[in-house]
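Everything below concerns the one structure shown next.
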Amino acid sequence: MSIRLLPPTLINQIAAGEVVERPASALKELVENAIDAGARRIDVQMTDGGRARLVVVDDGRGMTPDDMLLAVERHATSKLPSDDLLDIHSLGFRGEALPAIGSVARLTLTSRPPGADSAWSLSVEGGHKGEPQPASHPPGTRVEVRDLFYATPARLKFLKAPRTEMGHAIDVIHRLALAHPHIGFTLTEGERQPVRLAATQGDLFRGRLSRLGAILGRDVADNALPVEAEREGHRLSGAIGLPTCNRATNAGQYLFVNGRPVRDRLLHGAVRAAYADVLPHDRHAVVALYLDLPPDQVDVNVHPAKAEVRFRDAALVRGLIVGALRHALAAAGPRSSTAMTAATLDALTPDPAPGPESASPGSRLLSGPSRSSSWRGGWTPPPPPSQSALRFAYEAQTPAASGVAEAPLLAPPPEAIPDAREFPLGLAVGQIHATYIVAQTQDGMVIVDQHAAHERLVMERMNAALAEGEVKRQGLLLPEVIELDEPSAERLVAAAPDLARLGLVLEGFGPGAVVVRELPALLGDTDVKGLVRDLADGLAEWGTPQVLQDRLGDVVATLACHGSVRAGRRLGLAEMNALLRAMETTPRSGQCNHGRPTHVALKLADIERLFGRR
């Protein structure tokens, strides 16, 4: 078969296959055009998930009849004044959206520039263009798309149910609305209006935060941390959620490059790396990040739908994001999500039992015998602070018979215990089930998971020691011999130099065994065999010993977990307060190394509601 040029209609249909995947794709192109036209309000109407009808109305600059004729031609655009594909300051630039949509649907443009006497309308059906006709319309543009893909019926088979297509359309509006909080958006389907976002005024950060709360809920806005950083002309701003305010998927991650919503693997990977040791592995952070950089430092023309970008200096962008997010998380200190408080209140409030005894919240709480008995049985009065307790809390002991020191928590205690109002986490009053510390604060109470909290403290101190040099080691009076399978022992011996930097000194002890001679001084009394076996399993998962350099954070987390205060260990008041004071001054102490919360705070008003006082 000889080579031939394809007819224009077929070319447009091919372009439609690249640009217009579903109704939401057409919606994205049309709304981006409206934003580029300077619209302050954009209203969208959809029928049958956008398949039967899709209308986008804006109050932007509008078009003349000549502009409308050019707008439906391929590769016609007003957004490349210098003909430089790297000098792009708008959202749309490909010049294919309108002709591509018009080639597979019935498209009607109605537009009126400000100050014009009347509006004009232009129709395109299946790629066949009509002539502009006078019409009635206020300043701005109205684009109506009917019978999407009627000219390519095969593509209709790949569309999902109307509800699913509507979900994709809502997501498109949400992402564009977050990028442009100064624009008002509505999305209407029949009698429903799933999107109704008013334009924000004033401060940009507050506008973005307000828009984020309107889209993802007030809990996200209430638990957001500001992010602001700049490096070599690359500026990052936005808001990120506390680690305890997370989602099951990354659908709550909104990323923007020069005002353009993107789904970029590099950016998502940087967010994951920043939250690596404060978030459970199966959960995802909630973020809204805005990256602004010179246009020549990013290529936005690498994806037909403009959903992905390519950075000239990807390492700089990744480092900027990881560093800025980690700094923001560290600055949050022991703060945890208010969602944890709500979950705690739900757990404390039992289901109302039938009968007259469930008349008030207080009676419901106290009527359940199993709950009240568990509280009585779980309370452990704190023992009086002894010398050994003070040594545990404030300084390392002299090596005991085991050859390992107790784990220190804080500097020497003050002469007098001050008022709880001076401390964010209050003062300890007791311990529950030898696992949870209860502290009284100025306006409520805090419940602390002692193992999770101390795990974070040990890890942060080990990271600080690593940054300054090698971790301080302490020799064992009796070296510990651990028997393993031969491959595991060989991996540990090969990684011995890197483990020594972390304070763990071991060497081979014949086939299938290693001997541990020194441990990190921070770990205190720990299960040496369990620690070494966990490290061996980690090395088997990570591969070659060289990878250990990139996984030092995981090794430190393993060491910290084995070296922290265990659940079931009774603590004195001095030890509890030392732990609370250390949490207040330790970065990211609101979460343990595995991403679990270290504490839950309850306000006095919350407690009063539990007992029907409010």
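Any read-out appearing in this document is the output of simple, stated calculations on the displayed coordinates, not a laboratory observation. Please read all numbers here as calculations on a predicted model, not as lab measurements. Here Cβ is always computed from backbone atoms with ideal geometry, including for glycine, and neighbour counts include all displayed protein chains.
Modelling each spin label as a point 7 Å along the Cα-to-Cβ direction, I'd like the Arg265/Arg533 distance in nm, to one decimal.
3.7
If the chain between Asp282 and Ala314 were fully stretched, how many nm would it gain, using 0.36 nm times the residue separation less the Cα-Cα distance?
Details: separation 32, 0.36 × 32 = 11.52 nm, distance 2.60 nm.
Additional length available on full extension: 8.9 nm.
Be a star and scan the stretch 48-66 for residues whose amide nitrogen sits under 11 Å from the point 7 Å along the Cα-to-Cβ vector of Arg146.
53-54
Would you tally the net charge around Arg613, using a Cβ to Cβ cut-off of less than 13 Å, leaving Arg613 out, and scoring K and R as +1, D and E as -1? Could you put the intermediate results ahead of the total?
Details: positive: Lys603, Arg609, Arg614; negative: Asp606, Glu608.
Net charge around Arg613: +1.
Which FRET efficiency value, to the nearest 0.05, is calculated for Arg613 and Ala229 with the Förster distance at 60 angstrom and r the Cβ-Cβ distance?
Values: r = 45 Å, r/R0 = 0.75.
My answer for the efficiency is 0.85.
When ranked by the protection proxy of mean other Cβ atoms within 10 Å per residue, highest first, what sequence do the peptides 23-34, 506-517 form? Don't jump to the answer; show the numbers that get you there.
Values: 23-34: 25.7, 506-517: 15.9.
Put in order of decreasing packing, that is 23-34, 506-517.
Calculate the spin-label point distance for Glu584 paired with Gln133, positioning each point 7 Å from the Cα along the beta-carbon direction, and give it in nanometres.
Taking the two extended label points, one gets 7.5 nm.
Under a point-charge model restricted to the Cβ atoms of Lys and Arg (+1) and Asp and Glu (-1), what is the dipole moment magnitude of the stretch 204-331 relative to its Cα centre, in debye to the nearest 20?
Values: 17 positive and 13 negative charges, 53 e Å.
Charge dipole of the stretch 204-331: 260 debye, to the nearest 20.
Expected output is a single nm value to one decimal: the length gained when fully extending between Leu466 and Ala161, i.e. 0.36 nm times separation in residues minus the C-alpha distance. What is it?
Values: separation 305, 0.36 × 305 = 109.80 nm, distance 5.44 nm.
Computed gain between Leu466 and Ala161 is 104.4 nm.
Treat each spin label as a single point 7 Å out from the Cα along the C-beta direction, and report the Thr47 to Ala198 distance in nm.
3.1
Based only on Cα atoms, what Rg/Rh ratio does the stretch 223-277 have, Rh being taken as Kirkwood's radius?
Details: Rg = 11.7 Å, Rh = 12.4 Å.
With Rh from the inverse mean 1/r over Cα pairs, Rg/Rh is 0.94.
Where Rh is the Kirkwood radius over the Cα pairs of the stretch 104-154, the temperature 4 °C and the viscosity 1.567 mPa s, what D in µm²/s does Stokes-Einstein return? Mind showing how you got there, number by number?
Numbers: Rh = 11.6 Å.
Diffusion coefficient, whole number: 111 µm²/s.
Mind checking the dipole of the stretch 443-539: about its Cα centre, +1 per Lys or Arg Cβ, -1 per Asp or Glu Cβ, Debye to the nearest 20? Could the numbers behind the result be given before it?
Working: 9 positive and 18 negative charges, 56 e Å.
Rounded to the nearest 20 debye, it is 280 debye.
Just to verify a number: FRET efficiency for Val515 and Ala330, C-beta to C-beta distance, R0 = 41 Å, to 0.05?
It comes to 0.65.
Using all Cα-Cα distances in the stretch 204-331, what percent lands in each 10 angstrom bin from 0 up to the longest?
13, 47, 34, 6
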